[in-house]
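A quick write-up on the structure given underneath.
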Amino acid sequence: MTKLVVGNWKMNGSRSLIEQMVETLKQEVLNPPLAQVAICPPFPLIPALESAVAQSSIGVGAQNVSNHLSGAYTGDVSVSMLKEFNVTYGIVGHSERRSYFGETDELVQQKVKILLEHGIRPIMCIGESLEQRESGEHEATVLYQLVEGLKDIAADQIAQCVIAYEPVWAIGTGKTATPEQANQMHQVIRTKLIELTSEESAKAIPILYGGSVKGSNAAELLNQSDIDGALVGGASLKPDDFCQIIRGAS
Ligand code: PEP
């Protein structure tokens, strides 16, 4: 499958970075497209991104969504609001949301469901802590998050999801999982997805790797058999670095 490279800007960026990033991507890696590319900026920058990417293949993504449809939920953003701005991807269950905002697997499942019901592809993030890896619980942890996050969701809907394996110890730390460590976990995830859907569907679900992906390690990671793309934090804020990662995907 064509690799999918998604930039997660977290709480960074500006209108001018949107202009700069989109122009650079168009010139450097989208003619012809070397990968499927999407950017997930903070909510207030989504309209600027939507305008900037018109006539290009760049997708617009959000970093979060409310688990409610509308109402008295101060500070939340609903799925229908995202739809109005042609958002096609929604990150759910990022480890920063899980650890700083107390998001549980149950909440993650509700968000995955609400996005799917409105035709937005969830990018569901799962990953173990360093402690869990060192005690040998990494696979069990990741599979638990996967199964709980997709609980009560029909197989044909699961087939619309994107899964991002992001070991917590590799996010923003400069430490990257080795390509073999990452690929092995992707295979474990794929095997579970086969159980939850079918072999054919599971093979078509993109499983992204995230955690300190940069220009210098992207090609090696993205060349692995079960790594279908990358979810990129820090390096997605620098147009040249992001382009180099996308080149590594081709
Ligand atoms: C992320 O936030 O999803 C991420 C992978 O961050 P970084 O690339 O900065 O490690």
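The values are calculated or read from the model by the stated rules, or taken from the named source; none is laboratory data. Small disclaimer: the values here were computed from a predicted structure and weren't measured. When we count neighbours, we look across all protein chains shown, and the Cβ atoms used for this are built from the backbone with ideal geometry, even at glycine. The accessibility values were calculated without ligands, DNA or RNA, using every heavy atom of the protein model including side chains. Shrake-Rupley method; radii C 1.70, N 1.55, O 1.52, S 1.80 Å.
Can you find a residue that is open to solvent by less than 20 Å² (accessible area, probe 1.4 Å), within 13 Å of the ligand (Cβ to nearest atom) and either among the polar types (S, T, N, Q) or out of contact with any Leu (no Cβ under 9 Å at 6 or more places or on another chain) (or both) anywhere in the range 218-230?
yes
Checking Thr176 against (1) among the hydroxyl-bearing types (Ser, Thr, Tyr); (2) modelled with pLDDT under 95; (3) farther than 17 Å from Ile227 by Cα: exactly one of these is not met. Which one?
With respect to (1) among the hydroxyl-bearing types (Ser, Thr, Tyr); (2) modelled with pLDDT under 95; (3) farther than 17 Å from Ile227 by Cα, Thr176 is out only on (3).
Do we find that Met1 is within 16 Å of Ala249 (Cα to Cα) and either open to solvent by 20 Å² or more (accessible area, probe 1.4 Å) or at pLDDT below 95 (or both) in this structure?
Spelling it out, Met1 is indeed within 16 Å of Ala249 (Cα to Cα) and either open to solvent by 20 Å² or more (accessible area, probe 1.4 Å) or at pLDDT below 95 (or both).
One line per residue, one yes/no per condition, for (1) open to solvent by less than 80 Å² (accessible area, probe 1.4 Å); (2) touching a strand residue (DSSP E or B) at 6+ places or on another chain (Cβ under 8 Å); (3) within 16 Å of the ligand (Cβ to nearest atom):
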{"site": "Val5", "(1), (2), (3)": "yes, yes, yes"}
{"site": "Met21", "(1), (2), (3)": "yes, yes, yes"}
{"site": "Thr24", "(1), (2), (3)": "yes, no, no"}
{"site": "Glu28", "(1), (2), (3)": "no, no, no"}
{"site": "Pro32", "(1), (2), (3)": "no, no, no"}
{"site": "Ile39", "(1), (2), (3)": "yes, yes, yes"}
{"site": "Ala48", "(1), (2), (3)": "yes, no, no"}
{"site": "Ala52", "(1), (2), (3)": "yes, no, no"}
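With the requirement that a residue be within 19 Å of Ile163 (Cα to Cα), crowded, with 22+ Cβ neighbours inside 10 Å and away from the ligand (no atom under 16 Å from the Cβ), what does the range 80-93 give you?
Val87
Among the residues of the range 191-248, write down those that are of a type in the set (Gly, Ala, Ser) and over 15 Å from the mean Cα position of the chain (by Cα).
Ser198, Ser201, Ala202, Ala204, Gly215, Ser216, Ala218, Ala219, Ser225, Gly248
A quick yes/no check of all residues on (1) away from the ligand (no atom under 16 Å from the Cβ); (2) under 22 Å from Ala38 (Cα atoms):
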| site | (1), (2) |
| --- | --- |
| Ile153 | yes, no |
| Glu166 | no, yes |
| Trp169 | no, no |
| His186 | no, yes |
| Glu200 | yes, no |
| Lys203 | yes, yes |
| Leu208 | no, yes |
| Gly215 | no, yes |
| Val232 | no, yes |
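Hey, could you check the range 54-65 for residues that are within 27 Å of Ile207 (Cβ to Cβ) and out of contact with any helix residue (DSSP H, G or I) (no Cβ under 8 Å at 6 or more places or on another chain) and say which is surrounded by the fewest Cβ atoms within 10 Å (Cβ to Cβ)?
Here the answer is Ser57.
Suppose the filter is surrounded by fewer than 22 Cβ atoms within 10 Å (Cβ to Cβ) and in contact (Cβ under 8 Å) with a residue 60 or more places away in the chain; does Glu96 pass it?
For Glu96, the condition - surrounded by fewer than 22 Cβ atoms within 10 Å (Cβ to Cβ) and in contact (Cβ under 8 Å) with a residue 60 or more places away in the chain - is met.
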